[in-house]
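Since every read-out is calculated from the coordinates, none of them should be taken as a lab result. What you see is a predicted model; the values in this text were computed from it and never measured. Every residue, glycine as well, gets a Cβ built from its backbone with ideal geometry; the counts of neighbours run over all protein chains shown.
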Amino acid sequence: MAELAGLEDPKVREVNERHGDDHGVNLGKLRALAKRLKTQQELACRLWETDDTAAKLLALLICRPKAFGRDELDAMLRQARTPKVHDWLVNYVVKKNPHAEELRQAWSADPDPVVSGAGWALTTERVAKRPEGLDLGGLLDVIEARMQGAPPRLQWAMNHCLAQIGIEHPGHRARAMDIGERLGVLKDYPTSPGCTSPYAPVWITEMVSRRQGGPAA
């Protein structure tokens, strides 16, 4: 904890706090510290219990993802107060855990929009990598009905799923594009030069174009 405190940078904190993340540690330095510590499950659990955001992020880098039980991960998600902790928990731990599919289904139906957003993030992973058994048309129905009025983090997760369906599944691409155009979600989102807009029609078009123009086309 003392070492983490020594990595605190007020300028980094100022930028992070604009995005809802209450820590000031440069993530590159945090990753370097994690690399030095290597995997230490017991230490990871103790760091998580501190309720300090930088400590939680470090915990997620040095833990053993498969060591957590289903209920532990559910509790951890509900304790993940900040967007970065939430994202790292889902992407670095839950996706590698044997309970991921069970949690995907439970979280997607949760009334808490942040928890539901985690379920949608896991669904997006399946859309891209293991779509067998998913009802893609049904997912588009839900997105069409609920995305526009969803709270920001849930809306972002549903929009990512919409774009992924359009990118990965040509048979659903026209409908995904149409939903994105009609709902207009994130259409005016500020995008840095060289980055792809999160607005689904632009995102889908850009990614499909890149793939078609690549060496495997």
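Side notes on the structure shown:
- Checking the cross-link pairs K29/K129; K38/K129; K29/K95; K38/K95 against a 22 Å limit on the alpha carbon distance flags K29/K129; K38/K129; K29/K95 as lying beyond it.
- For segment 120-217, GluC sites (Glu not before Pro) are listed when DSSP marks them as loop and at most 12 other Cβ atoms sit within 10 Å of their Cβ; the list is E132.
- Segment 38-59 versus segment 85-158: alpha-carbon centroid distance in Å: 25
- Build a GNM of the chain with springs between Cα atoms under 10 Å apart, and of T191, T50, T82 the one that fluctuates most is T191.
- In the elastic network of the chain, a GNM with C-alpha springs shorter than 10 Å, the most mobile of M177, M207, M147 is M207.
- Applying the criteria of a DSSP loop state and at most 14 other Cβ atoms within 10 Å to the chymotrypsin sites (Phe, Trp or Tyr not before Pro) of segment 94-187 yields no site.
- One decimal place: the segment R81-C195 gains 38.3 nm when fully extended, by the rule 0.36 nm per residue minus the C-alpha distance.
- Qualifying trypsin sites (Lys or Arg not before Pro) for segment 1-94 [loop in DSSP, other Cβ within 10 Å: at most 10]: K38
- Residue-span extension gain [N26 to T50] - 0.36 nm each, minus C-alpha spacing: 6.7 nm
- Cα-based shape type of segment 111-202, given that a ≥ b ≥ c are square roots of the gyration tensor eigenvalues and the cut on a/c is 1.5: rounded
- Over the chain: helical MRE at 222 nm, DSSP H runs n ≥ 4 each giving -39500 (n - 2.57), nearest 500: -19500 deg cm²/dmol
- Charge tally for K95 (other residues, Cβ to Cβ under 12 Å; Lys, Arg +1; Asp, Glu -1): +3.
- Here segment 145-183 is scanned for amide nitrogen atoms under 16 Å from the site 7 Å beyond the Cα of R210 along Cα-to-Cβ, giving 160-161, 163-169.
- 19 Å Cα-Cα reach of K35 towards aspartates and glutamates, excluding residues that sit fewer than 8 places from it in its own chain: E3, E8
- Three-way shape label, segment 39-79, alpha-carbon gyration tensor, a/c 1.5: oblate
- Under 13 Å, Cβ to Cβ, from E14 - net charge with Lys/Arg +1 and Asp/Glu -1: -2
- The Cβ shell under 10 Å around G117 holds other residues with a net charge of -2, Lys and Arg each +1, Asp and Glu each -1.
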